[in-house]
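S.K.: Got a structure for you, written out below as structure tokens; questions coming shortly.
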Amino acid sequence: RCTPGGEGARCVCSASALPEPSLSFELPSRNVTVGEGHRDVTVTAPGPGGTAAGVGVTVTAILTLRGTLDPRLAVLCAARNPHGSARQQLRFQHPGGLVWAKVGPVGAVVAFAIVIALVCYLSQSRRK
């Protein structure tokens with residue numbers, strides 16, 4: 001997932017595999033791949049008996065994007081190990097989509113009531 005905040009966004013990706021996967025972020029619209037060493041990575045070892053049970057090792061990577069975000073920006077997370085690879089586009093909520101989340105349901109009802117009042121006022125003023 002990618003979460004906007006401040007002047008940019010923070011993208012988090014996790015993968016579990018055995019042997020331990022390596023993660024990278026891909027930004028196809030910018031022709032950029034960000035590998036290990038360019039972002040924060042956390043490795044969580046399996047609990048007791050986890051490896052024998054085939055659980056694997058969980059790796060979490062965090063990518064911080066700074067600056068103005070392009071509405072078409074796609075962020076992919078790629079996980080690879082000797083057994084194969086997988087890619088997934090991270091869900092991204094762009095800052096423009098956060099307006100109603102910040103206002104909340106009460107704010108949406110108030111905004112709707114203002115629009116209705118404005119329409120009624122305009123229709124009454126045209127009748128005069």
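Bear in mind that the values in this text are calculations on the coordinates, not laboratory data. Given the structure is predicted, the values throughout are model-derived calculations rather than measurements. Virtual Cβ from ideal backbone geometry, glycine too; neighbours counted across all protein chains shown.
S.K.: ³J(HN,Hα) across the stretch 19-24 via Karplus (A = 6.51, B = -1.76, C = 1.60, θ = phi - 60°), whole Hz, x for Gly/Pro?
M.R.: x, 3, x, 9, 10, 8
S.K.: Compute the distance in nm between two label points, each set 7 Å from the Cα along the Cα-to-Cβ direction, one at Val110 and one at Ser14.
M.R.: It works out to 3.6 nm between the two label points.
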